[in-house]
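Chemist: Please read through the structure below; I'll follow up with questions.
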Amino acid sequence: MRFQQVCLRSTKLVLSLLHITVACVCVGGSVLAQQSSAVSAAGGRTLVRVGHLLDVTTGAEPAEQTIVVTGDRITAIAASSAVAAGPGDKVIDLSKFTVLPGLIDVHTHLTNANNFDPYFELSMTPAKEAILGVENAKVTLEAGFTTVRNVGANSFTDVALRDEINAGHIPGPHMQVSGPPLGITGGHMDQNLLPEEYHVQGQGVADGIPAVQHMVRENIKYGADLIKIGATGGVLSKGDDPQASQYTLEEMQAIVADAHRLGRKVAAHAHGAQGILWATEAGVDSIEHGSYLDEAGIAAMKAHGTYLVPTAYLVDWMQQYGNLPPIYQQKMKDVSAVEKKNAIRAIKAGVKIALGTDAAVYPHGLNAHEIDVYVNQFGMTPLEGIRTGTVNAADLMGWSDRVGSITPGKWADLIAVEGDPLKDVRILQQVPFVMKSGVVYKDLTERR
Ligand SMILES: [Zn+2]
């Protein structure tokens, strides 16, 4: 009942949002037109006139292009001079801006707050998570992130959030969600704050091969798009060690076999070298954090084509603003001392990188700061940095057919920035225009 009220209030919110931007919104058919040099005026389309269009696949930035949007899809791209507006077409003028595909964050926790006080954590309820998710989904979308992979939420609040976004009831990014992350008893995914007599357990706790198989199947039953596991200990959990492996190689092999057989990818939270290596050998699709990644892990990740999701900006944010409870402080210090150095080694060695932030460890909406770290601290070119949050992230998610580049047939997920992101990726932290699935969710371009 309470949750229904949340949805109703949010519906009003999104309706008023849509009202503001209704002049830009196109609700047309979904028939895909072919790309051609001269695009015929079919009507009912949205023509997005862009000053420069960043092609993240090549790095080209052609001037004065028009992106044709029909319904929720990009249907054509051509020189603006070749695309005349027909009757019934809407025109969005972004001729003073550079347009690029909506960004992707493959490691979020939209239903979590930026608060690690143990009592706050214990007082969390599914209803609170759901409400936080509504708020954070909007903030994340308006930051230019039109797609996220949410890796860990209780009570399938992430499934509800994804479904309500997809139903158009609340604004938010496209989501792939994991449900409760799998982990061992007493591990990073368990709940270790209370003594034994309270009998509190993390929802994804499963030990041994039959139990982990059951948990994978149960998560899928209740709506998970992917499986998240704890391969090692973590930082923001009591009594475990980030360097110690948690699941055994055999348990992770069983998880991956079931998940892949059922069409789901596996993301492994892993700090310690042993856990990174075992998870990679077990065939997970991505290593999240990777703090103590060593040469053996790098070689294995390259051999298996495993993505590294560095979640690096959180180190900077924590050093500047972090106010963690004492039980987590030493672990954060230890991990921060090595994480960036090892990420740089992995990048130099050619390990594939996808943008992931761990947003919730710092306030939601700062996701684009991650690209700044990749470029200005890790030595990527701006194009490489942007590719981690577009084509690479889409590839990791198995969504290259729908997100990650401005290509006919893909979802019309576009952001605009003032200036050239290939000169300074920090402008991605100030995104004045966001379109997702052909609907404009943010437009501050008039004020520029
Ligand atoms: Zn995380």
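Chemist: What size of dipole, in debye to the nearest 20, comes out for the range 209-251 about its Cα centre when the only charges are +1 on Lys and Arg C-beta atoms and -1 on Asp and Glu C-beta atoms?
Modeler: The dipole magnitude comes to about 160 debye.
Chemist: If I stretch the segment between residue 194 and residue 341 completely, what's the gain in nm (0.36 nm per residue apart, minus their alpha carbon distance), one decimal?
Modeler: Full extension from residue 194 to residue 341 adds 49.4 nm.
Chemist: What's log10 of I(q)/I(0) for the range 306-360 at q = 0.21, 0.25, 0.29 Å⁻¹, Debye sum over Cα points only, no solvent?
Modeler: Summing over Cα pairs of the range 306-360 leads to -0.82, -1.04, -1.21.
Chemist: With +1 on each Lys and Arg Cβ and -1 on each Asp and Glu Cβ, how big is the dipole of the range 292-377 about its Cα centre, in debye rounded to the nearest 20?
Modeler: 200 debye
Chemist: Once you place label points 7 Å from the Cα toward the Cβ at residue 241 and residue 444, how far apart are they in nm?
Modeler: Taking the two extended label points, one gets 4.7 nm.
Chemist: What value in Å³ per residue do you get for the convex hull of the alpha-carbon atoms in the range 320-421?
Modeler: Spelled out: Cα convex hull of the range 320-421, divided by residues, is 137 Å³.
Chemist: Here is a follow-up. Can you give the direction-averaged projected area of the convex hull of the alpha-carbon atoms in the range 356-412, in nm²?
Modeler: Seen from a random direction, the Cα hull of the range 356-412 projects 4.5 nm² on average.
Chemist: Can you order the peptides 178-187, 237-246, 435-444 by their average number of other Cβ atoms within 10 Å per residue, highest first?
Modeler: 178-187, 435-444, 237-246
Chemist: Compute for the range 187-275: radius of gyration divided by Kirkwood radius, i.e. Rg/Rh, restricted to C-alpha atoms, rounded to two decimals.
Modeler: Reported Rg/Rh (Cα atoms, Kirkwood Rh): 0.97.
Chemist: Project the alpha carbons of the range 38-187 onto their principal axes and report the range along each, largest first, in whole Å.
Modeler: So the three principal-axis extents are 62, 32, 24 Å.
Chemist: Total Lys pairs in the range 314-448 closer than 18 Å by alpha-carbon, pairs eight or more apart in sequence or interchain only?
Modeler: 7
Chemist: Can you tell me the alpha carbon radius of gyration of the chain divided by the globular rule-of-thumb value 2.2 N^0.38 Å?
Modeler: Against the empirical 2.2 N^0.38 Å value, I get 0.97 for the chain.
Chemist: Is there a quick way to get the dipole size of the range 308-448? I mean about its Cα centre, with the Cβ of Lys and Arg at +1 and of Asp and Glu at -1; what is the value in debye to the nearest 20?
Modeler: 240 debye
Chemist: Oh, and also: Taking the radius of gyration and the Kirkwood hydrodynamic radius from Cα positions alone, what is the Rg/Rh ratio for the range 67-147, to two decimal places?
Modeler: Here the Rg-to-Rh quotient is 1.20.
Chemist: Give me the number: length gained by fully extending residue 250 to residue 57, i.e. 0.36 nm times residue separation minus the C-alpha to C-alpha distance, one decimal in nm.
Modeler: So the extension gain works out to 65.7 nm.
Quick note: the coordinates plus some simple rules give every number you see, no bench work behind them. Being a predicted model, the structure only gives us computed values, none of them experimental. Cβ sites come from the backbone with ideal geometry, for glycine too, and all protein chains shown count toward neighbours.
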